């Protein structure tokens, strides 16, 4: 008989805890879930992602769209747009040499071509003006260029105005 009494007490105690959590759950937990959901990813989220570059969610800042051109200096010619500012990110599209690209901001992330001559070994990535992707600094130029076999001349570097940094 004592075992049944102890079992009943444990059962009633467990029921009381569950009932308390149910009453507390909706009014307390739901607003917390909504608040966290509307604030976006927490500050530590990039630490858990496999891509250690700056998160591509920085979309509020930037500048008026301006035009750059896919490079025509070194193989592979043209430019690759990607979903995030990283060479490991999935590609969106391959652009032909000298194709115009509208961009509206830039960030510092991982340098895709560190062996390139300066300044084309930069870690700058341009955000596409349609906010659908990114293109690396090494893949674009300020003006259309003719192919030049001289590897020391890469063309005119695309501008990186400070006001356009996101």
Inset, instruction - Give me a count of the residues in region 62-100 that are more than 15 Å from residue 124 (Cβ to Cβ) and assigned to a loop (DSSP other than H, G, I, E, B). - result: 16
Inset, instruction - For residue 49, indicate whether it is outside the structural domain of residue 126 (by TED's automatic domain parsing) and either modelled with pLDDT under 60 or surrounded by 10 or more Cβ atoms within 10 Å (Cβ to Cβ) (or both). - result: yes
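Looking only at region 116-145, how many residues end up being loosely packed, with under 14 Cβ neighbours inside 10 Å and farther than 21 Å from residue 64 by Cβ? So that I can check it myself, show each step before the final result.
Narrowing region 116-145 to residues loosely packed, with under 14 Cβ neighbours inside 10 Å: 117-119, 130-132, 143.
Going one step further and asking which of them are farther than 21 Å from residue 64 by Cβ, we end up with 117-119.
Residues that pass the stated criteria total 3.
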Inset, instruction - Please go through region 65-109 and pick out each residue that is closer than 17 Å to residue 160 by Cα and surrounded by fewer than 17 Cβ atoms within 10 Å (Cβ to Cβ). - result: 65, 67, 100, 102, 108
Inset, instruction - Identify all residues within region 148-166 that are surrounded by 13 or more Cβ atoms within 10 Å (Cβ to Cβ) and within 15 Å of residue 73 (Cβ to Cβ); write none if there are none. - result: 148, 154, 155, 157, 158
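Within region 113-166, which residues are in a loop (DSSP other than H, G, I, E, B), touching a helix residue (DSSP H, G or I) at 6+ places or on another chain (Cβ under 8 Å) and without any contact (Cβ under 8 Å) to a residue 60 or more places away in the chain? Talk me through it step by step, then tell me what you get.
Going residue by residue through region 113-166, those that are in a loop (DSSP other than H, G, I, E, B) are 113-123, 129-133, 142-156, 158-161, 166.
Restricting the remaining residues to those that are touching a helix residue (DSSP H, G or I) at 6+ places or on another chain (Cβ under 8 Å) gives 113, 116, 119-123, 158, 160.
Within region 113-166, 113, 116, 119, 120, 121, 122, 123, 160 meet the criteria.
The values are calculated or read from the model by the stated rules, or taken from the named source; none is laboratory data. Note that the structure is a prediction, hence the values are computed from the model and not measured. Methodologically, a virtual Cβ is constructed for each residue, glycine included, from the backbone with ideal geometry; neighbour enumeration extends over all protein chains shown.
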